[in-house]
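Structure first, then comments.
Read-outs throughout are calculated quantities, based only on the coordinates presented, and are distinct from any laboratory measurement. What you see is a predicted model; the values in this text were computed from it and never measured. All Cβ positions, glycine included, derive from the backbone under ideal geometry; neighbour counts span all protein chains shown.
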Ligand SMILES: Cc1cc2nc3c(=O)[nH]c(=O)nc-3n(C[C@H](O)[C@H](O)[C@H](O)COP(=O)(O)O)c2cc1C
C-alpha cells in the first residue's frame with residue numbers, strides 16, 4: 001500500500017483541478033492506496049509569503065513541520081493546479097519555497113546539491129486554457145515539464161512519474177469528461 005499525498009492549488013473547490021484530484025484519489029483508493037488531500041488555499045496551516053534571515057538556516061516552524069511531516073510520510077506526491085502565466089499558482093510556489101528547505105529536501109556535498117527525498121515519486125496534473133497543440137508547438141508544455149522535473153523534482157532527489165498537461169480547459173469545459181476518464185485509467 002502506497003501513501004499518496006495529493007496537493008491541490010486552486011482557489012475554487014468546484015474547479016476542474018479539484019475534479020481531477022478527486023478522480024485520482026478515488027481510483028487510488030479503489031486500488032487500496034492510502035490517500036490524503038492537502039487543499040493549499042483552505043488548509044488551516046497557511047504560510048505567509050516566504051521570507052528569511054538566512055536562507056541556508058531556516059528555523060522550522062510549526063507550519064513547516066506540519067507540511068514536511070506530510071511530505072516525509074508520502075511515497076507519492078501528486079500536484080494538481082491550473083496553469084497560470086506559464087507556471088503554477090503563487091501559493092504552490094510559496095509551498096515549495098518554504099517546505100523544500102535545505103537539509104530537508106536537499107543538502108550540499110562538496111558544494112554540489114544532493115537530493116534527500118529519494119524514496120518519492122511525483123505526478124503532475126495541470127490544465128491550460130490554450131489548446132494542447134499550440135502549447136506543444138510553442139514548447140510551453142515542454143518548458144513547464146522540464147522546469148518541474150529538473151529544478152524541483154530531481155533537484156530534491158525525487159522521480160517524475162508523469163506530467164499530465166491537458167489543454168483547452170476553459171469556460172466551455174467541453175473536453176473535461178474525457179480528461180477525467182483518462183485520469184481514471186492511469
Ligand atoms: C491568473 C490566470 C493566469 C492564467 N494563465 C494562463 C496561461 O498562461 N496559459 C493558459 O493557457 N491559460 C492560462 N489561464 C487559464 C487557466 O489555465 C484555465 O482557466 C484553467 O486551466 C482551467 O481550469 P480550472 O477550471 O481548474 O481553473 C490562466 C488563468 C488565470 C486565472
What nm value, rounded to one decimal, do you get for the distance between residue 3 and residue 59 when each label is placed 7 Å out toward the C-beta? 2.7 nm
Taking a ≥ b ≥ c as the square roots of the eigenvalues of the Cα gyration tensor of region 1-102, is the shape rounded (a/c under 1.5), prolate (a/b larger than b/c) or oblate? oblate
Suppose R0 equals 25 Å. What FRET efficiency, 1/(1 + (r/R0)^6) with r the Cβ-Cβ distance, do residue 112 and residue 184 give to the nearest 0.05? 0.05
Region 58-110 to region 1-37: how many Å between their Cα centroids? 18 Å
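Using C-alpha positions alone, give me the convex hull volume of region 146-186 per residue in cubic angstrom.
78 Å³
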If I fit a long axis through the Cα atoms of helix 90-99 and take the longest principal axis of the Cα atoms of the chain, what angle between them do I get, 0 to 90°, rounded to 10? 30 degrees
Taking neighbour counts of Cβ atoms within 10 Å as a proxy for exposure, in what order, fewest first, do 59, 101, 27, 17 appear? 59, 27, 101, 17
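Multiply the residue gap between residue 102 and residue 177 by 0.36 nm, knock off their C-alpha separation, and tell me the result in nm, one decimal place.
Contour length minus Cα-Cα distance gives 22.9 nm.
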Scaled radius of gyration (Cα, divided by 2.2 N^0.38 Å) that the chain gives: 1.03
Among 143, 112, rank each residue by its count of other Cβ atoms within 10 Å, from fewest to most, as a rough exposure measure. 112, 143
Please state the relative contact order of the chain as a whole percent: Cα pairs under 8 Å, 6+ residues apart? 24 percent
